[in-house]
Amino acid sequence: SFAIVGGLVFVTLSEAFLRSEYGDEWESKAPILLMERLVNGLKKEVDDEVVVLSQVLAHTVNVGYETIVNCVVSTLNGERVTDLKHLVRLVHTNAEPYLTFEMPPFGEAVVLDAREARACEAAILEQHNIPSAMSADLLAHARELDGDASAPPGAGPKGDVGKRRARR
């Protein structure tokens, strides 16, 4: 599963992810923090997952963050992120002007203008030849949040698609 928000690519931490990032010797090549999180997680509930900001797809909306890779995301706008589905829900229901993704342990944060992140989504996906802002499982969840089973891939909150087109 994956979700892209303002060019930030989020995935769930797993052995398969670490193997794809660091190769067959991932156990010795992956950063210690990721290995520790893989083994111990950040779980408070049984279904909790560790969410990772795996890469940044360069765009004007995320200038300055392009070199961030494979950082564990702890909160979005101060709310603990429990899994990728929860991250999608937090982004979809966000009413704040900014999206602030916090990443421990060094107090790093990525702050995006929420409106701009939504507005540039289609351009980022097109620029990087990516068909959807999220994997099919998360897209189905986003459509449920919208209450619209016919919403197109990558659609934001209800009515947002029309607003995005109008801003282009």
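The values are calculated or read from the model by the stated rules, or taken from the named source; none is laboratory data. Bear in mind the structure is a predicted one, so any value in this text is a computation, not a measurement. Note: ideal-geometry Cβ built from the backbone for every residue, glycine included; neighbour counts use all protein chains shown. Keep in mind that these areas ignore ligands, DNA and RNA; they rest on the heavy atoms of the full protein, side chains included. Shrake-Rupley method; radii C 1.70, N 1.55, O 1.52, S 1.80 Å.
General observations
- Evaluation of VAL73 against (1) in contact (Cβ under 8 Å) with a residue 12 or more places away in the chain; (2) surrounded by fewer than 20 Cβ atoms within 10 Å (Cβ to Cβ) (one fails), failing number: (2)
- Segment 16-27 residues that are free of Cβ contacts under 8 Å to residues at least 12 places away in the same chain, paired with ones that are open to solvent by 50 Å² or more (accessible area, probe 1.4 Å) and of a type outside the set (Val, Ile, Thr) (beta carbon under 8 Å, 6 or more apart): TYR22/LYS29; GLY23/LYS29; TRP26/GLU15; TRP26/ARG19
- Taking segment 33-46 as the range and being of a type in the set (A, V, I, L, M, F, W, C) and modelled with pLDDT of 80 or more as the test, the residues that pass are LEU33, LEU34, MET35, LEU38, VAL39.
- Residue that is farthest from the chain's Cα centre (by Cα), among those in segment 130-142 that are loosely packed, with under 14 Cβ neighbours inside 10 Å and farther than 13 Å from ILE4 by Cα: ALA140
- Those strands (runs of 3 or more DSSP E) lying entirely in segment 1-109 with at least 2 residues among the β-branched types (Val, Ile, Thr): 2-5, 8-12, 51-56, 71-73
- Subset of segment 20-51 (residues that are over 20 Å from the mean Cα position of the chain (by Cα) and among the charged types (D, E, K, R)): ASP24, GLU25, GLU27, LYS29, GLU36, LYS44, GLU45
- Checked against the criterion of being under 21 Å from HIS141 (Cβ atoms), at pLDDT below 95, of a type in the set (D, E, K, R) and open to solvent by 60 Å² or more (accessible area, probe 1.4 Å), the candidates GLU79, GLU49, GLU66 yield just one match: GLU49.
- Selection status of VAL56, in contact with a helix residue (DSSP H, G or I) (Cβ under 7 Å, 6 or more places away or on another chain), in contact (Cβ under 8 Å) with a residue 60 or more places away in the chain and of a type in the set (Val, Ile, Thr): no
- Those residues of segment 111-122 which are under 20 Å from SER54 (Cβ atoms) and open to solvent by 20 Å² or more (accessible area, probe 1.4 Å), in sequence order: VAL111, GLU121
- Criterion: closer than 21 Å to GLU36 by Cβ and buried (at least 18 other Cβ atoms within 10 Å of the Cβ) - qualifying residue of GLU102, GLU108: GLU102
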